[in-house]
Amino acid sequence: METSNSYCNFAYNQKEDNIHKLYHDTQYGFPIYSDNELFGRLILEINQAGLSWDIILKKQENFRTAYSNFDIKSVANYNQTDINRLLNNTGIIRNKLKINAAIHNASVIMKIKQKMGSFQLWLDHHHPKTKDQWVKLFKKTFKFTGGEITGEFLMSTGYLEGAHHKNCPIFSKVLKNNPMWYSN
């Protein structure tokens, strides 16, 4: 392991059942092929803004339940009753701006799916881009997607390099799954 302070080093030194180790070793940087799971990761990244990733990981399953198993079509159709339900759900981050962004973004992804066939195909179509180019595209397309949110979303889903250091034991596992940044 590298001696620098990194998420890889942090996760490597955790117990096998630690939420960070589990996320790092099985999700972080691995490609996601399901539109709903891509949308779910975007929801988690948006909700992390200003908070600790630890909080989000601990609430990950609560988010999944609260947001209809990350079903894009369902979330796109949320109404005021659903917004009130989410605002009263102590198992998630109860931030109206983030909740409204999730609903808005689900609606945008539904339009993307109509035009491109899927959210994943839309991402693939725009690949490769630099982080700055992705951020401009995401800011133009979605709500609540600044530089950090967009960068982490794309890195965590295999569109941008950098989730793992080359000497991290998980790096080779990620490569075997052909993340988009590696396949070009």
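Of all residues in region 7-46, exactly one satisfies the criterion of being among the acidic types (Asp, Glu), over 24 Å from Asn100 (Cα atoms) and crowded, with 18+ Cβ neighbours inside 10 Å, namely Asp25. In this structure, is Ile112 among the hydrophobic types (A, V, I, L, M, F, W, C), within 16 Å of the chain's Cα centre (by Cα) and surrounded by 13 or more Cβ atoms within 10 Å (Cβ to Cβ)? So Ile112 fails the test. Quick check on Gly50: is it outside any helix (DSSP H, G or I) and among the small types (Gly, Ala, Ser)? Taking the combined requirement at face value, the residue satisfies it. Looking only at region 103-123, residues that are in a helix (DSSP H, G or I) and either under 21 Å from Pro31 (Cβ atoms) or in contact (Cβ under 8 Å) with a residue 60 or more places away in the chain (or both) come to 11 in all. Checking each residue in region 54-83 for being surrounded by fewer than 15 Cβ atoms within 10 Å (Cβ to Cβ) and assigned to a loop (DSSP other than H, G, I, E, B) picks out Asn77, Asn79.
Among residues of region 145-165 being of a type outside the set (Gly, Ala, Ser) and part of a helix (DSSP H, G or I), the one that is surrounded by the fewest Cβ atoms within 10 Å (Cβ to Cβ) is Glu148.
Per-residue answers, yes or no, for (1) without any contact (Cβ under 8 Å) to a residue 60 or more places away in the chain; (2) closer than 24 Å to Phe30 by Cα; (3) of a type in the set (Asp, Glu):
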| site | (1), (2), (3) |
| --- | --- |
| Arg41 | no, yes, no |
| Ala49 | no, yes, no |
| Tyr67 | yes, yes, no |
| Gln80 | yes, no, no |
| Asn84 | yes, no, no |
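The condition of being over 30 Å from Gln14 (Cα atoms) and either surrounded by fewer than 18 Cβ atoms within 10 Å (Cβ to Cβ) or among the aromatic types (Phe, Trp, Tyr) (or both) holds for only one of Phe171, Phe142, that being Phe142.
Would you check if Gln120 is farther than 30 Å from Gln80 by Cβ and in contact with an Asp or Glu (Cβ under 8 Å, 6 or more places away or on another chain)? Criteria met by Gln120. Test Leu51 against the criterion of being under 26 Å from Lys111 (Cβ atoms) and surrounded by fewer than 16 Cβ atoms within 10 Å (Cβ to Cβ), and give yes or no. When the stated conditions are applied, Leu51 does not pass them.
Here, each number is a calculation from the coordinates, and none is a lab measurement. Worth saying up front: this structure is predicted, and the values here are computed from it rather than measured. Backbone-built Cβ (ideal geometry, glycine too); neighbour counts: all protein chains shown.
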